[in-house]
Amino acid sequence: MDDTGESAKGARKAGASSAEPRVVVCANEEAVARAAADEFVRMSKKYLASEGAFRVALSGGKTPQLLYRLLGSDEFRNQINWNAVQLFWGDERGVPPEHPESNYGMVRLELLAHVSIPAENIHRMEAERPDIEQAARDYEKVLRRYLPLGSAGVPRFDLIFLGLGNDGHTASLFPSSKDWGDARGFVTAPREQISGVRRMTLTLQVLNAARHVIFLVTGDAKADILRRVLKDADVKLPAQHVRPLVGELLFLADQAAAAQLNG
Ligand code: 6PG
């Protein structure tokens, strides 16, 4: 069986449930960002009230930049009690925070520079460390310290934002990685196949333990992969195996990315 098959079988072992995703199609990428920002505000109030904190993992890449810029804007920043928000990352590239490829660096520029969030509430992945495997172990300790543990002892986020790569990857769970579906533990350090750059990523079992997972998918370049992930039962792709066990799964897509879904 090819590696992907093994990973997919492992993904099912990881407890990927069959919770059907909800798909909301928005007019354009600005509307996607706004819908995501509204969800962030709504959930921050809900979990502050019920849990005393709001624990979120942020995605990287280009798609969520508009979201982070909105959350840091005059319109949204004051709707959120940032003292109660604990920010984490779903994945990080093996570069320092100042590097243009850093997911943390992008969030710092678009969001953190514009809101008053306590430094101790910001938990970046130290993927630039030479001992990245140890950095991954250390990040698992951070997750255990700040997050409630679900029934299987897996750290449970209130909300995880994810993106979708054209090859069906999400976070840094790549189809080319042999253990994307059954990685042990909560944080792993795969190698991005094309560039060879090390990454750190939450594992599938952490994604599937979350209360809410929201994918942000925009642009016509994502139309084919979004259709395959949502409609093609024959493929075995990481993004397809994000199925929160007891949480909610939402795809926020613009019309361009959703163009192949009806039909
Ligand atoms: C990363 C992301 C990755 C991203 C997708 C989509 O670190 O690159 O976590 O999973 O979400 O590759 O990236 P774009 O939003 O740039 O298309």
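Looking at Asp254, Asp224, Asp167, which one is in contact with a strand residue (DSSP E or B) (Cβ under 6 Å, 6 or more places away or on another chain), acidic (Asp, Glu) and within 14 Å of the ligand (Cβ to nearest atom)? None of the other options fit; the residue is Asp254.
Contact map, region 148-161: residues that are among the charged types (D, E, K, R) paired with residues that are part of a loop (DSSP other than H, G, I, E, B), Cβ distance under 8 Å, separation 6+ or inter-chain. Pairs shown: Arg156/Leu147; Arg156/Pro148; Arg156/Gly150; Arg156/Ala209; Arg156/Ala210; Arg156/Arg211; Asp158/Ala210; Asp158/Arg211.
Looking only at region 87-96, decide whether some residue is surrounded by fewer than 18 Cβ atoms within 10 Å (Cβ to Cβ), modelled with pLDDT of 95 or more and among the aliphatic types (A, V, I, L, M). No.
Is it true that some residue in region 199-216 is more than 20 Å from Glu128 (Cα to Cα), within 14 Å of the ligand (Cβ to nearest atom) and of a type in the set (Lys, Arg)? Among the residues of region 199-216, not one is more than 20 Å from Glu128 (Cα to Cα), within 14 Å of the ligand (Cβ to nearest atom) and of a type in the set (Lys, Arg), which makes the answer no. Residues being at pLDDT 95 or above, within 16 Å of the ligand (Cβ to nearest atom) and under 26 Å from His169 (Cα atoms) are represented in region 41-56 by at least one member. Of all positions in region 123-134, at least one carries a residue that is in a helix (DSSP H, G or I) and surrounded by fewer than 19 Cβ atoms within 10 Å (Cβ to Cβ). In the set Asp232, Asp254, only one residue is in contact with a helix residue (DSSP H, G or I) (Cβ under 6 Å, 6 or more places away or on another chain) and of a type in the set (D, E, K, R); that residue is Asp254. Only one of the numbered conditions (1) out of contact with any helix residue (DSSP H, G or I) (no Cβ under 9 Å at 6 or more places or on another chain); (2) within 15 Å of the ligand (Cβ to nearest atom); (3) not acidic (Asp, Glu) is not met by Val95, and that is (1).
Scan region 44-70 and report the pairs whose first residue is within 17 Å of Leu143 (Cα to Cα) and whose second residue is away from the ligand (no atom under 16 Å from the Cβ) and among the hydroxyl-bearing types (Ser, Thr, Tyr), with Cβ atoms within less than 9 Å and a gap of 6+ or a chain change. The qualifying pairs are Ala53/Tyr47; Ala53/Tyr146; Phe54/Ser44; Phe54/Tyr47; Arg55/Tyr47; Arg55/Tyr146; Val56/Ser44.
Just checking, does region 143-164 include any residue being among the polar types (S, T, N, Q) and under 30 Å from Ala31 (Cα atoms)? Among the residues of region 143-164, not one is among the polar types (S, T, N, Q) and under 30 Å from Ala31 (Cα atoms), which makes the answer no.
The values are calculated or read from the model by the stated rules, or taken from the named source; none is laboratory data. Nothing here was measured: the structure is a model prediction, and the numbers come from that model. Reconstructed Cβ throughout: ideal geometry from the backbone, glycine too, with neighbour counts over all protein chains shown.
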